[in-house]
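Remarks on the structure that follows.
The values are calculated or read from the model by the stated rules, or taken from the named source; none is laboratory data. Model, not experiment: these values are computed from the prediction. In this analysis, Cβ positions are derived from the backbone assuming ideal geometry, glycine residues included, and neighbour counts consider all displayed protein chains.
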Amino acid sequence: MSDGLLQQLVNGLSAGMGYALVAMGLTLIFGVLHVINFAHGELYLVGGLGTVLLVSHLGVPYMAAVPIAAILAATAGWLMSQIAVRPLLGRRDPSAVMLSTYAVSLLILQTVLWAWGTAPFRIAGVEGSLEIGALIISHQRLTLIGVGLAMLLFIEWLLRRTRYGREVRAVAQDAFAAHAIGIDVSRVRTMAFVLSAGMAGVAGALLVPITLFSPLMGQNVIIKAFVVVVLGGMGSVSGAVLLGIVLGLLEALLGSVMTSGFASALIYSLLIVALLFRPQGLLKTVR
């Protein structure tokens, strides 16, 4: 039983690392632009789809396809920010941006469904596995954990130790004051959008060999990302990382003792509890 529990913990850690990348990008957008990007899951989908097309149709090696897929997702994020977000930021109604990103999510989803269909698809990631006694860890999961951790550390360094990071924190706290002292608010917001889209693309590229590709993969992950962001605290980067990993571990442990549907319902109920009793999140906003 202990071996099985340890196996579930390793699987949950790898899934949680992917959730953390998606949720970190989502909370970065909220912290800087103060809007919710409902199309963030579709940027994750773009990363997964790009990886599938590169590997299965163009013969690109998997590890070379991952950064290309991230660039594709980042490009899609830049286009979205310029067309569907930036023109609406100055409006008084904050729901305009949310509705716009929701429309973009539907557009991307329906386009992929029309072009691809509904059939799932599997690609091979990093081949092989590491065996430690009865514990078996695939090299793909090890790659996901390693690359995910490196990216999270890089983003933390970027936000805490660089000029751009200081500009991000300034814009997040007060965009008007940041503009008054000479910060290019529009550039900071655009770069934040591109950065968050790239993280979602990397998560999609790293998870698709494990979870299979499906046009609905973005819809599935965005719900979990919202749970992570709300529980961690809207705008809290550290909260998104911590709760993303915790959610992956919790999902794996619950899935070993109950059906996946009931486990998901139990996890989503945490969102209602958080909104009722601690709407600011378990970790208050940390910038």
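(1) in a helix (DSSP H, G or I); (2) more than 13 Å from the chain's Cα centre (by Cα); (3) of a type outside the set (A, V, I, L, M): which one isn't true of ARG92, the others all being true?
Of the numbered conditions (1) in a helix (DSSP H, G or I); (2) more than 13 Å from the chain's Cα centre (by Cα); (3) of a type outside the set (A, V, I, L, M), the odd one out for ARG92 is (1).
Which one of LEU45, LEU9, LEU5, LEU58 is over 17 Å from ALA192 (Cβ atoms), out of contact with any strand residue (DSSP E or B) (no Cβ under 8 Å at 6 or more places or on another chain) and without any contact (Cβ under 8 Å) to a residue 60 or more places away in the chain?
Of LEU45, LEU9, LEU5, LEU58, the one residue that is over 17 Å from ALA192 (Cβ atoms), out of contact with any strand residue (DSSP E or B) (no Cβ under 8 Å at 6 or more places or on another chain) and without any contact (Cβ under 8 Å) to a residue 60 or more places away in the chain is LEU58.
I need a count of the residues in segment 254-279 that are outside any helix (DSSP H, G or I) and of a type outside the set (Ser, Thr, Tyr).
Looking only at that region, the number is 4.
Would you be able to say whether some residue in segment 76-87 is part of a helix (DSSP H, G or I), in contact with a strand residue (DSSP E or B) (Cβ under 7 Å, 6 or more places away or on another chain) and within 20 Å of VAL22 (Cβ to Cβ)?
The answer is no; no qualifying residue exists.
Of the conditions (1) at pLDDT 75 or above; (2) closer than 22 Å to GLY4 by Cα, ALA205 satisfies every one except a single condition; which number is it?
(2)
Quick check: is even one residue across segment 250-267 in contact with a Phe, Trp or Tyr (Cβ under 7 Å, 6 or more places away or on another chain), modelled with pLDDT of 80 or more and crowded, with 18+ Cβ neighbours inside 10 Å?
no
Please enumerate the residues belonging to segment 179-229 that are β-branched (Val, Ile, Thr) and under 29 Å from GLN140 (Cα atoms).
Correct list: VAL194, VAL202, VAL208, ILE210, THR211, VAL221, ILE222, ILE223, VAL227, VAL228, VAL229.
Exactly one condition in (1) more than 22 Å from GLY50 (Cβ to Cβ); (2) part of a helix (DSSP H, G or I); (3) touching a residue at least 24 places away in the same chain (Cβ under 8 Å); (4) not aromatic (Phe, Trp, Tyr) is false for ILE136; which is it?
The number of the failed condition is (2).
How many of the residues in segment 69-111 are under 30 Å from THR143 (Cα atoms) and out of contact with any Ser or Thr (no Cβ under 8 Å at 6 or more places or on another chain)?
Total satisfying the criteria: 11.
Here's a check for you: in segment 1-52, which residue that is at pLDDT below 90 and assigned to a loop (DSSP other than H, G, I, E, B) is surrounded by the fewest Cβ atoms within 10 Å (Cβ to Cβ)?
This residue is MET1.
Restricting attention to segment 128-154, which residues are touching a His at 6+ places or on another chain (Cβ under 9 Å), on the phi < 0 side of the Ramachandran plot and either exposed (fewer than 10 other Cβ atoms within 10 Å of the Cβ) or small (Gly, Ala, Ser) (or both)?
SER129
Do we have ILE108 as in contact with a helix residue (DSSP H, G or I) (Cβ under 7 Å, 6 or more places away or on another chain), under 23 Å from GLN219 (Cα atoms) and outside any strand (DSSP E or B) here?
Judged against the criteria, ILE108 is a match.
For the condition farther than 25 Å from VAL126 by Cα, buried (at least 21 other Cβ atoms within 10 Å of the Cβ) and either of a type in the set (S, T, N, Q) or touching a residue at least 12 places away in the same chain (Cβ under 8 Å) (or both), what is the one hit in VAL221, VAL171, VAL185, VAL208?
Checking each option against the conditions leaves just VAL171.
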